[in-house]
Amino acid sequence: MASLSSAEWRALCDKFTTAQNLSEVESRKDPANDPFRSKYKARELLREIYCALKSFETTEGENESGDQRPTEQPVDGEREDGFGRGFNGDSPAGLRAAKLGAVEYYLGVNHIETEELSAGQEHLMNCMKQLEKCSVSSENVSLYIHVRNQLGILWAGRDETEKAQGFLETAESIYQRYMKEVSLVLAYTHTMYYLAQVYKNLGEIERAATYCHSTLQRQLLLNQYNPLEWALNAATLSQYYITKGRYMEGRHCLSAATVIAGLAGEVPSEAAAQESETERERRDQLRQKRAEIARCWIKYCLNLLQDAEKLLQDNIGELDTERQEELKRARRGEEEAEEKDRKSALLFGSEDTFDSIASLEEKVRCLFPLDFTEARAVFLVGQTYVTQAKEYFEIDGYVTDHIEILQDHSALFKALAFFEEDLERRCKMHKRRIDMLEPICNDLNAQYYLLIRRQLMFELAETYNEMMDLKLSLANRQADTQPLDNHTIKKFNHLCSSSAKYFQMFLDSLCSPEGKFPERLEEEVLRPALVARFRVARLHSRLICSVPSAQLDNLNKSLDNYKYVVEYCEAHPEAVAAVETELELSQEMVGLLPIKINRLKARMATNN
């Protein structure tokens, strides 16, 4: 058969360009009642191109010397990489096969986009068959990878994760072998991205993170990325590293995210009268993405402080000074290890951004803070990002997000307080937490925000309890030189009563509309509810009261709540594991409190 003339080839190329324009541009304008109109028109043009190419094709399967090459249809997910087999990819026969394969590929994508998945799969497999006829070359390597990417996506969408993995890993293998001889291929970036998704679905989270990290690095290297999308992906990846305690990598991801997000430009000033809808959407998107990155920075600072606290705690939750000194002596070695790890890490950035990323990293530590000064530096960074995040996620319109940010801010104060040795200053930090959470808790609609209110009530109860313990410690120090004055007693009782009030509010929120407490507690509230009962019992017994009748009433309330914990665990043995410590103390108090109550009654009877 005759070969294509240059004019005929140009005509086919023009027709392909028209098909692409229909599929990628015109299809966006299709009406809702005919959403695939342009896609169908593009499909007809692709079919015409395919028929034209087939009509000029030499005898199928022959090379230029007339040699036959057996063609085998690849099976789903096979890992054949196409090296060293068939026609030379750059030969006329190889190019003909690649052209037919390319049209099959675009027909496959077209059918998938119109939700005809089986037909799409058939065309993609036909593309694979055409590529089976020739070896990988500069002319077809991108198609080799793209078709496997598409098949990987297709099978992943059907929850056939292992089949998807087969196609994607073959695409990766093709790229890695081809890279030994030629330069970068953009399609490989897509392969790495899709593999990251597949490994995530397979539960191979660490492997997924590695591929995600590599994908982000390649996008920067090839300058193929949307700054805001890239930045948010990098910030999200940081959260994986943080949960694994890999703070150097987490900090690097967040620093890169902040710098790259800056490349999207400054947030335009608000000028509602002159601002178009497009400009308003762009301004809102810039503000939202940067606020989301700020929230990731908050989590970084919070987790760093909390992990340091766990490292430094003694068996009663206080700062272990011996452990602190031991870790400080080992600090030099940690700093050297950090520098070594940094040199071997896969770092983001180009010549334009690398210095900016490194400069931002220097402002935030990635080693655990070991004293108040170091902890305060981390806290202040986190607090700066709290302010940024709240500017976008305001209470009006973003109730849940705003409250979550406030809860993180509260948690930052709580973590910093652990490092503070001055009990008065520590108490003031907890007071800041109450000041930010209490108004929100009391203003929230109990019907629509029940779960959030429960969280806030429990945290407020615990915070008041912590302040009460601190005030008691301060009072005990002063008791050596002077007795407790009325002001101190009043303050202590206020904190005690406030803690009991919020624990009781939490317990009341578990009741039915008729006010009945559940006979069996749901698993998600089992421990909080029993701990709340235990704390209420403890708080009532600690109230300082000079009136015997009121003291007796408090002791009886205390005994009732201790009894509830014991009796619930007896009736529901599966609950014991959730509150072992509290149960043991409750059992002890159920034995001791009746003796104390009887003595008080006897004293009251004698006085009467």
statement: Output for segment 115-169: GluC sites (Glu not before Pro) sitting in coil per DSSP, at most 12 other Cβ within 10 Å, listed by number, reads Glu115
message: Give me the net charge for the shell around Leu22: Cβ to Cβ below 12 angstrom, other residues only, Lys and Arg +1, Asp and Glu -1.
response: +2
task: Can you work out the accessible area per residue across segment 518-607, with the rest of the protein chains kept in place, probe 1.4 Å, in square angstrom?
output: 57
message: So if I take the centroid of the Cα atoms in segment 489-523 and the same for segment 132-153, what is the distance between those two points in Å?
response: 64
- line: As straight-line cross-link partners of Lys15, the qualifying lysines (C-alpha separation under 17 Å, not fewer than 8 residues apart within one chain) are Lys39, Lys41, Lys54, Lys99
- request: Compute, for Arg603, the solvent-accessible surface of its heavy atoms (probe 1.4 Å) with the complete set of protein chains present, and express it in square angstrom to the nearest 10.
  value: 130
task: Enter the accessible area per residue of segment 103-149 (Å², integer; probe 1.4 Å; all protein chains in place).
output: 30
query: Ranked highest first by average number of other Cβ atoms within 10 Å, how do 36-45, 93-102, 249-258 line up?
result: 249-258, 93-102, 36-45
- request: For segment 455-608, give the percent of accessible area contributed by carbon and sulfur heavy atoms, probe 1.4 Å, rounded to a whole number.
  value: 50
- prompt: How big is the gap, in Å, between the Cα center of segment 544-600 and the Cα center of segment 280-311?
  reply: 43
task: Calculate I(q)/I(0) for segment 518-607 by the Debye formula, one identical point scatterer on each C-alpha and no solvent, and give its log10 at q = 0.16, 0.17 Å⁻¹ to two decimals.
output: -0.64, -0.70
query: With respect to the cross-link table entries Lys328/Lys471; Lys501/Lys596; Lys328/Lys431; Lys431/Lys501; Lys414/Lys557; Lys310/Lys516, which display a Cα-Cα separation exceeding 27 Å?
result: Lys328/Lys471; Lys328/Lys431; Lys414/Lys557; Lys310/Lys516
message: Tell me the net charge near Ile595. Cut-off is 14 Å between Cβ atoms, Ile595 excluded, with +1 for each Lys or Arg and -1 for each Asp or Glu.
response: +3
- prompt: Can you pull out the chymotrypsin sites (Phe, Trp or Tyr not before Pro) in segment 415-459 that DSSP calls coil and that have at most 11 other Cβ atoms within 10 Å?
  reply: Tyr448
query: Over the heavy atoms of Ser137, what accessible area does a 1.4 Å probe trace out, to the nearest 10 Å²?
result: 10
field: Residues whose placed amide H lies under 5 Å from that of Cys134, excluding near-sequence neighbours
entry: Phe87
query: What does the accessible area per residue of segment 422-510 come to in Å², with a 1.4 Å probe and no ligands, DNA or RNA counted?
result: 53
task: Would you check the accessible area of Thr400, probe 1.4 Å, heavy atoms only, in square angstrom rounded to 10?
output: 60
message: Binning at 5 angstrom from zero up to the longest distance, how are the C-alpha pair distances of segment 422-510 distributed in percent?
response: 3, 14, 23, 21, 15, 10, 7, 4, 2, 1, 0
field: Sparsely packed GluC sites (Glu not before Pro) within segment 491-552, loop by DSSP, other Cβ within 10 Å at most 14
entry: Glu514, Glu519, Glu522
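The values are calculated or read from the model by the stated rules, or taken from the named source; none is laboratory data. Remember, it's a predicted structure, so these values are computed and weren't measured experimentally. With ideal geometry, Cβ positions are generated from the backbone for all residues, glycine too; neighbour counts draw on all protein chains shown. These accessible areas exclude ligands, DNA and RNA; they are computed on the full protein's heavy atoms, side chains included. Shrake-Rupley method; radii C 1.70, N 1.55, O 1.52, S 1.80 Å.
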